[in-house]
1. Considering only region 211-227, state which residues are outside any loop (DSSP other than H, G, I, E, B) and modelled with pLDDT under 95.
2. Condition first: in a loop (DSSP other than H, G, I, E, B) and either in contact with a Lys or Arg (Cβ under 8 Å, 6 or more places away or on another chain) or of a type in the set (A, V, I, L, M, F, W, C) (or both). Now tell me which residues in region 228-259 satisfy that.
3. Considering only region 175-197, state which residues are within 23 Å of the chain's Cα centre (by Cα) and aliphatic (A, V, I, L, M).
4. Among the residues of region 169-208, which ones are in contact (Cβ under 8 Å) with a residue 12 or more places away in the chain and not in a helix (DSSP H, G or I)?
5. Please indicate, with yes or no, whether at least one residue in region 134-142 is under 23 Å from the mean Cα position of the chain (by Cα) and in contact (Cβ under 8 Å) with a residue 24 or more places away in the chain.
Amino acid sequence: MTPRTILLALALAGCGATGKGVNFDVTPTPPKVEVVRAEVSSPEVGVVSLISDAISELDLTPDQNRALTGLVSQISERHERVQEMRKQLSLDMAKSVESGGVDEATLQADAEALGKARAEFAPDDGKSLEELHRILTPDQRKKFATALAARADKLPTDDAQTRYGNWRSDLEIDINQDQRISPKLDADTASTASAKAERDAWRDRLRATAAAFAQDQFSAAPYLDPDVVKTTEERVRRVIAFMKIVVPELTPKQQQLAADNLRAEVGVK
């Protein structure tokens, strides 16, 4: 089973490639772009995902394909430090789960550091989105904008119910445990409202971005989160609240499995 234990929703969403049939072009094939997928709870749609969508779904020329593939590589290199901080956050969460408690101070510090790193690169991500607009033709921009607007209306919500459904399945939480956990999760209305607010904000930004992208002139300003640090910290705060309810009700074996899953998500055995 693929580990889905925490669903931090800090990865970026993406769409799969579509077949184009036989290609008789003699130009060397550009390197394959790995499309980054978010966990199912994430409302966030990142720039790598958007450019990967364009590569996968639009009928690009070889020059356009090479340019966009290079753009994805640049963004990925730029985000290496962010990925390391995400890894540290997951490892510290694993330690908390393993111990049967929650080290709030450490996790909050991790969230702040991650948020600041993400905020540092956000302007450059916006420039990359503007570069995508420059590379595409007017017709391609309209097709891309239409798909983005459709995605905006289907964003998931990073709520406790979605997260708990995966925990319950992965950890085989029994009926007695569920009867103790579920009412407490339902009572955390602040986290539910926070998750809905983040999803709604992303939806509105994506709709505005789609409308602007179809035009001849484009600025990525509508796409950018006005407070990346706050969004990141609030997202982790929701996970902390979830852990404080669920982790004490787990058996030592379940706690260990949850910790192992967290480490596996970031490539650590």
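1. Passing the criteria: none in range.
2. First pass over region 228-259, keeping only residues in a loop (DSSP other than H, G, I, E, B): 250-251.
Hit for region 228-259 is 250, nothing else.
3. Listed by number, the residues that qualify are 185, 190, 193, 195, 197.
4. 172, 173, 188
5. Step one: filter region 134-142 for residues under 23 Å from the mean Cα position of the chain (by Cα), giving none.
Within region 134-142, not a single residue is under 23 Å from the mean Cα position of the chain (by Cα) and in contact (Cβ under 8 Å) with a residue 24 or more places away in the chain.
The values are calculated or read from the model by the stated rules, or taken from the named source; none is laboratory data. For clarity, every value in this text was computed on a predicted model and none was experimentally measured. Positions of Cβ are backbone-derived with ideal geometry, glycine not excepted, and every protein chain shown enters the neighbour counts.
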